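A short worksheet on the structure shown next.
The values are calculated or read from the model by the stated rules, or taken from the named source; none is laboratory data. As the structure is a computational prediction, the values presented were derived from the model and not from experiment. A quick note on method: Cβ atoms are made from the backbone with ideal geometry, for glycine too, and the neighbour counts reach across all protein chains shown. For accessibility, only protein heavy atoms count, side chains too; no ligands or nucleic acids. Shrake-Rupley method; radii C 1.70, N 1.55, O 1.52, S 1.80 Å.
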Number of protein chains: 2
Amino acid sequence: MSLLPKRKRYDCAPGCPVEATLDLIGGKWKGVILYHLLDETIRFNTLSRRLGSITQRMLAKQLRELEAAGLIRRVVFAEVPPRVEYSLSPDGESLRPVILALKAWGETRLAMLSQQAAE
Amino acid sequence: MSLLPKRKRYDCAPGCPVEATLDLIGGKWKGVILYHLLDETIRFNTLSRRLGSITQRMLAKQLRELEAAGLIRRVVFAEVPPRVEYSLSPDGESLRPVILALKAWGETRLAMLSQQAAE
DNA sequence: CAGTATCCACCTAGATACTG
DNA sequence: CAGTATCTAGGTGGATACTG
């Protein structure tokens, strides 16, 4: 069974691989969530606080989608109060250079923009 | 004046740079458009054909946004029939490693998925 | 704590037709 | 050739309230 969304054809060769990746980490939250998971295992509410403005509904939805894509792992502990920890799967790990490239470029650009704003 | 969209606050430090980058190259088409412009200057209709399923309306809109973000250049030739060429600006050029990272990861993943599908 | 359930505004993107 | 105009469906993401 393929993990590719059925509705997509990825027939725009040779741009496809770029589109395929953006499909998985694009959107408003997924890239940032993966970024936060790069170095730590994080619990639901902690992640929620780190992302600041995300709603619980959206966070749950994004996490389900990342899990379905095989990029993150969800571990539930049978405790009271409940504890659920999210971490990168090996596939998610493999995205590290990509996420870091996005981060590096974004940092440079944000610095450049605030520089310009100061002039 | 800042090129940052006014409605965004980028206050989710330290995830912001990732979000900022994804804001610019995310969505369904921008990353792929930049990818196609990586090695060539391309005309409107050519780009349209290469992307396959994009509508003229969407292509025009994405190109305007990329131009407004300072990532591409638009050069109009005073000819009949009209000719408009799009190419990467220096800022867009600086995205090259990012786009290539997206491409490399996507290629690996697509290969992996088709491998699995064959089993 | 870690979610669901509901409802809703907005935006993205497609279809189609038209034009300087 | 390189767009614009109009209309619309569907998806994305937010607000709020509730729960095992």
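Restricting to the range B:26-66, and then to whatever is within 24 Å of A:V98 (Cα to Cα) and open to solvent by 30 Å² or more (accessible area, probe 1.4 Å), can you tell me which residue is farthest from DNA strand C (Cβ to nearest atom)?
Out of the qualifying residues, it is B:D39.
Which ones in the range B:62-93 are closer than 27 Å to A:T108 by Cα and among the aromatic types (F, W, Y)?
From the range B:62-93, those closer than 27 Å to A:T108 by Cα are B:62-75, B:86-93; that's our starting set.
Within the range B:62-93, just B:Y86 meets the criteria.
Can you find a residue that is under 20 Å from B:V18 (Cβ atoms) and at pLDDT 90 or above anywhere in the range A:75-82?
Restricting attention to the range A:75-82, the residues satisfying the condition of being under 20 Å from B:V18 (Cβ atoms) are none.
Within the range A:75-82, none of the residues are under 20 Å from B:V18 (Cβ atoms) and at pLDDT 90 or above.
Please return the ranges of helices (runs of 4 or more DSSP H) entirely within the range B:20-79 where 3 or more residues are away from DNA strand D (no atom under 12 Å from the Cβ). Walk me through it before giving the result.
Values: elements: B:30-37, B:44-51, B:56-68.
Passing ranges, in order: B:30-37.
Can you find, within the range B:67-113, the residue that is most open to solvent (accessible area, probe 1.4 Å) among those that are more than 11 Å from B:L34 (Cβ to Cβ) and of a type in the set (V, I, T)?
B:V80
May I ask you to list pairs of residues, at least six apart or on different chains, whose Cβ atoms are under 6 Å apart, with the first in the range A:55-84 being under 24 Å from A:G27 (Cα atoms) and the second being in a loop (DSSP other than H, G, I, E, B) and near DNA strand D (Cβ under 9 Å from one of its atoms)?
Listed by first residue and then by second, the contacts come to A:Q62/A:W29.
Give the residues of the range B:95-119 that are without any contact (Cβ under 8 Å) to a residue 12 or more places away in the chain and within 7 Å of another protein chain (Cβ to nearest Cβ), sorted by residue number.
Those that are without any contact (Cβ under 8 Å) to a residue 12 or more places away in the chain and within 7 Å of another protein chain (Cβ to nearest Cβ): B:P97, B:A101, B:W105, B:G106, B:E107, B:R109, B:L110, B:L113, B:A117.
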